[in-house]
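Worksheet for the structure shown next.
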Amino acid sequence: MTTLSAPVRLTQYAAGGGCACKIPPGELEEVVRGLTGQGGDDLGGTLVVGLDDGDDGAVVRVTDGVGVISTADFFTPVVDDAYDFGRIVAANALSDVYAMGGRPVLAINLVGWPRSVLPMELLREVLRGGLDVARLAGCPVAGGHSIDDPEPKYGMAVTGVVDPDLLLRNDAALPGLPISLTKPIGVGVLNNRHKATGEVFGQAVGSMVALNDAASQAAVAGGARAATDVTGFGLLGHLFKLLRASGVGAVIDASAVPVLDGAWSSLREGYVSGGTRRNLDWVRPHLDVTGGRVDEDVLLMLADAQTSGGLLVVGEVPGAPVIGHTVAGPPRVELR
């Protein structure tokens with residue numbers, strides 16, 4: 001077991017960071033093409049949500065009024081502090097259950113750790129952070145799986161429960177409804193700056209460790225039926241996936257999208273991840289920016305690869321800004 005006397009910057013031990021290290025959406029869709037369509041008919045009709053529309057988790061109906069959500073998420077360090085890294089990972093993994101209107105009931109850890117390079121005491125702090133956030137969510141963490149890995153990675157597989165008739169899903173949006181966003185964006189550029197400079201941005205950490213439980217409950221109570229969370233594909237990427245699955249379009253007021261303090265200056269100073277640029281390249285053909293009021297910096301911010309972002313809800317969520325509305329028509333995003 002390795003021990004280090006000097007402070008350890010976890011972000012320096014990974015090529016990527018957080019959800020920005022996701023496989024780009026276009027490449028991922030090409031990989032899974034032809035693997036979709038495993039509908040419930042062949043399995044007794046139990047599969048409610050599968051791979052077809054790239055939703056936040058899979059859902060099976062186990063009995064009337066009870067569905068089980070299954071999801072998993074893991075990534076490399078997005079911050080240097082081990083405890084905060086664990087907290088962020090847990091909040092991010094639990095978010096997939098909240099994004100579908102569910103309640104997490106069990107999580108197991110997924111760990112990759114370079115045991116000959118980084119001390120195991122740091123891994124203990126990572127796991128402690130994950131446990132503390134899961135405890136806040138009322139979700140027990142029971143075991144998991146670990147491997148010796150050249151890069152540090154941490155994640156969780158989470159099981160949740162939901163009423164299948166009250167699901168929030170990404171193929172259920174209807175035209176003419178408001179679109180709400182429950183957390184500000186901009187953690188991607190702040191995390192990228194943190195990795196490059198060591199500067200710590202408490203506003204980014206605070207946003208990433210915040211659970212989406214209350215927002216999820218409010219969305220369901222308000223009658224919403226379509227939602228997703230905003231993570232590695234950015235606001236525009238996740239919005240487009242929802243619109244495409246639902247067969248509707250959207251109009252977004254870019255000035256209404258909340259952005260974390262310091263994010264704009266960090267973006268303009270060049271702290272933009274490769275994942276963010278790939279997000280924008282993928283979604284650009286589906287954008288309408290003919291109004292001329294949305295420049296390239298705004299597009300990059302709207303495509304910023306988030307980690308543990310908020311919920312994007314088709315409907316109003318008390319306390320969350322409305323950033324646009326859905327419209328009838330093809331799945332395109334008009335930016336104003």
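The values are calculated or read from the model by the stated rules, or taken from the named source; none is laboratory data. None of the values given here were measured: they were computed from a predicted structure. Note that we place each Cβ from the backbone using ideal geometry, even for glycine, and neighbour counts take in every protein chain shown.
A few comments on the model shown:
- Test: V78 is modelled with pLDDT of 95 or more, in contact with a helix residue (DSSP H, G or I) (Cβ under 6 Å, 6 or more places away or on another chain) and of a type in the set (A, V, I, L, M): yes
- Flag for V59 being at pLDDT below 95 and closer than 19 Å to A157 by Cβ: yes
- In the stretch 108-148, residue surrounded by the fewest Cβ atoms within 10 Å (Cβ to Cβ) [restricted to those that are among the small types (G, A, S) and free of Cβ contacts under 8 Å to residues at least 40 places away in the same chain]: G143
- Cβ pairs under 6 Å, 6+ apart, first in the stretch 80-91 and closer than 12 Å to T11 by Cα, second assigned to a loop (DSSP other than H, G, I, E, B) and charged (D, E, K, R): D80/R9
- Restricting attention to the stretch 154-200, the residues that are assigned to a strand (DSSP E or B) and farther than 30 Å from T326 by Cα add up to 6.
- Subset of the stretch 115-152 that is among the small types (G, A, S) and part of a strand (DSSP E or B) - its residue that is modelled with the lowest pLDDT: G143
Residues checked against (1) more than 15 Å from A93 (Cα to Cα); (2) among the β-branched types (V, I, T); (3) buried (at least 21 other Cβ atoms within 10 Å of the Cβ):
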residue	(1), (2), (3)
M156	no, no, yes
V162	yes, yes, yes
L167	yes, no, yes
A172	yes, no, no
R193	yes, no, yes
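- None of V313, V283, V317 is assigned by TED's automatic domain parsing to the domain that holds V259, part of a strand (DSSP E or B) and closer than 22 Å to A227 by Cα except V313.
- Tallying residues that are within 15 Å of G234 (Cβ to Cβ), in contact with a strand residue (DSSP E or B) (Cβ under 6 Å, 6 or more places away or on another chain) and at pLDDT 95 or above within the stretch 287-305 yields 2.
- In the set (1) surrounded by fewer than 19 Cβ atoms within 10 Å (Cβ to Cβ); (2) not in a helix (DSSP H, G or I), the condition left unmet by G101 is number (1).
- Counted residues, the stretch 242-273 - those being within 17 Å of the chain's Cα centre (by Cα) and either free of Cβ contacts under 8 Å to residues at least 40 places away in the same chain or more than 17 Å from S180 (Cβ to Cβ) (or both): 2
- The stretch 275-315 - residue that is surrounded by fewer than 17 Cβ atoms within 10 Å (Cβ to Cβ) and of a type in the set (D, E, K, R) and, of those, nearest to F85 (Cα to Cα): R277
- Condition broken by R293, with the remaining ones in (1) assigned to a loop (DSSP other than H, G, I, E, B); (2) closer than 27 Å to A93 by Cα satisfied: (2)
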